[in-house]
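Read through the structure below, which is laid out as structure tokens, and then see the notes.
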Amino acid sequence: MTDSQRKTPSYTAALTIAAIAFASLFCSVLSYRRPPPRPNVIVPRRLDLESDAPEQVHISLVGVDKMRITWITEDSAPALVEYGTSPGVYANAVNGTTSSYKYTLYKSGDIHEVTIGPLNPDTTYYYRCSSNSVKTFSFKTPPAKLPIKFAVVGDLGQTEWTKTTLEHVAKSAYDVLILPGDLAYADFLQPLWDSFGRLVEPLASQRPWMVTQGNHEVEHIPVVHPEPFTAYNARWHMPFEQSSSTSNLYYSFDTAGVHVIMLGSYTDFDTDSAQYKWLEADLKKIDRSKTPWIVVLIHAPWYNSNTAHQGEKQSVGMKASMEALLYQARVDVVFAGHVHAYERFTRVYDGKANNCAPVYINIGDGGNREGLAKKYIDPKPTISVFREASFGHGQFEVSDATHAQWTWHRNDDDVAVVGDSFSFTSLSSDPACRI
């Protein structure tokens, strides 16, 4: 079969059906009876684009004043970003690197990465990739100081529900999007990674998307493809090097007055692991006078009163290893995905309410093809404050060193409605919780 035949919609559709069947057998998490899959929304490559035109453009933070631009071309093109602060005027040009990967019979396009900067905070930049003027882009850098607004969405996928979620996120005037795992739901079918990249490009090319991995990013097939996270690591390079991490699966970054830690639920996390030792060192480096807020993202939730995904090693084992570290560091909030529903817990440590512990929020309800996890444990645990099986997204708006506001927006009816809200006071500002 030729490369051109592999790019046809009929071929992609056939592989999609095969991959869904394959995933149902080999997906790494099978702890409950999943609802029937819904169809993915496949976003094809634009027919008017030349083979060397950029697509799947997304940006991510690198340090406090740089941005990584990532894009893909079908054929060879320069790894070059030209940018400036006026539309169509590109006063700066930076070269980067190009890579690709193979996964069974699939070979990716050329994946280009360029890091640009230093950049001014809270500033709009205009840019183009590979000197291509057919597609031009712009992004706004986050502010240097508070306030800052995060969009939070997990288990996104690429369905009609996903499209609605993205439409609502686009209207939220966020500065940075943070995603606690399960991006494309490609499940071994690599063309779905390309479809996902096209789907999110309108948003991900305008604001930095900072992500961590979930079980649907593992894509490990014994003997056939033993290396896990191949597509994820190749396509979504996060700034792990800048936080002294040795793995793209866990890292941290600072933006405005917030220290964000992205942990890996599907890599080693016991007390002898590299991730544990990195987390321990990272938490010790935090200066709460500069970053008074600490936010942590994981995929598999440590607290969960939904019947889905109970008792899994990635939840139970990681909590046993790392919960004390987060509590002792006075982490303010932990966002998780995995469970396809929304739930907010009170401040909790070791299963009990604790005023100096993180608030735990499960937000794996972005719009994936597997549908909602609708059954909760009854009666509701006292530490669970609000829970609802609806699709949606969250907004975490940090006003100053002391105050922040969380809102969860449901979108089951294609209309964003505030379903839950909570006013935060930072633990660093609470005299009773100071270390």
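Being under 30 Å from Val223 (Cα atoms), at pLDDT 95 or above, of a type outside the set (Val, Ile, Thr) and open to solvent by less than 50 Å² (accessible area, probe 1.4 Å) is a condition met by no residue of region 87-99. Does Thr136 meet the test of being touching a residue at least 40 places away in the same chain (Cβ under 8 Å), open to solvent by less than 20 Å² (accessible area, probe 1.4 Å) and β-branched (Val, Ile, Thr)? So Thr136 fails the test.
The single residue among Val43, Val29 that is assigned to a loop (DSSP other than H, G, I, E, B), under 29 Å from Gly366 (Cβ atoms), touching a helix residue (DSSP H, G or I) at 6+ places or on another chain (Cβ under 6 Å) and modelled with pLDDT of 95 or more turns out to be Val43.
Scanning region 178-199 for residues that are open to solvent by less than 10 Å² (accessible area, probe 1.4 Å), in a helix (DSSP H, G or I) and touching a Leu at 6+ places or on another chain (Cβ under 7 Å) yields a single hit, Phe196. On the basis of being at pLDDT 95 or above, assigned to a loop (DSSP other than H, G, I, E, B), open to solvent by 20 Å² or more (accessible area, probe 1.4 Å) and touching a strand residue (DSSP E or B) at 6+ places or on another chain (Cβ under 7 Å), does Ser131 make the cut? Yes: the conditions hold for Ser131.
Within the group Glu323, Glu370, Glu343, Glu312, which residue is buried (at least 16 other Cβ atoms within 10 Å of the Cβ), acidic (Asp, Glu) and modelled with pLDDT under 95?
None of the other options fit; the residue is Glu370.
Out of the residues in region 216-233 meeting the condition of being in a helix (DSSP H, G or I) and open to solvent by 10 Å² or more (accessible area, probe 1.4 Å), tell me which one is farthest from Leu263 (Cα to Cα). So, considering only residues that are in a helix (DSSP H, G or I) and open to solvent by 10 Å² or more (accessible area, probe 1.4 Å), the one farthest from Leu263 (Cα to Cα) is Thr230.
Here is a check on your reading of the model: is Phe253 under 16 Å from the mean Cα position of the chain (by Cα) and either modelled with pLDDT of 95 or more or over 17 Å from Ala324 (Cα atoms) (or both)? Here the answer is yes, as Phe253 does meet what is asked.
Listed conditions (1) open to solvent by 30 Å² or more (accessible area, probe 1.4 Å); (2) under 30 Å from Pro143 (Cβ atoms) are all met by His393, apart from (1). Restricting attention to region 226-285, the residues being more than 15 Å from Pro180 (Cα to Cα), without any contact (Cβ under 8 Å) to a residue 60 or more places away in the chain and of a type in the set (Gly, Ala, Ser) number 7.
The values are calculated or read from the model by the stated rules, or taken from the named source; none is laboratory data. Predicted, not measured: the structure shown is a model, and the values here were computed from it. For neighbour counting, all protein chains shown are included, and Cβ atoms are generated from backbone atoms with ideal geometry for every residue, glycine included. Protein only, heavy atoms only, side chains kept; ligands, DNA and RNA dropped before computing areas. Shrake-Rupley method; radii C 1.70, N 1.55, O 1.52, S 1.80 Å.
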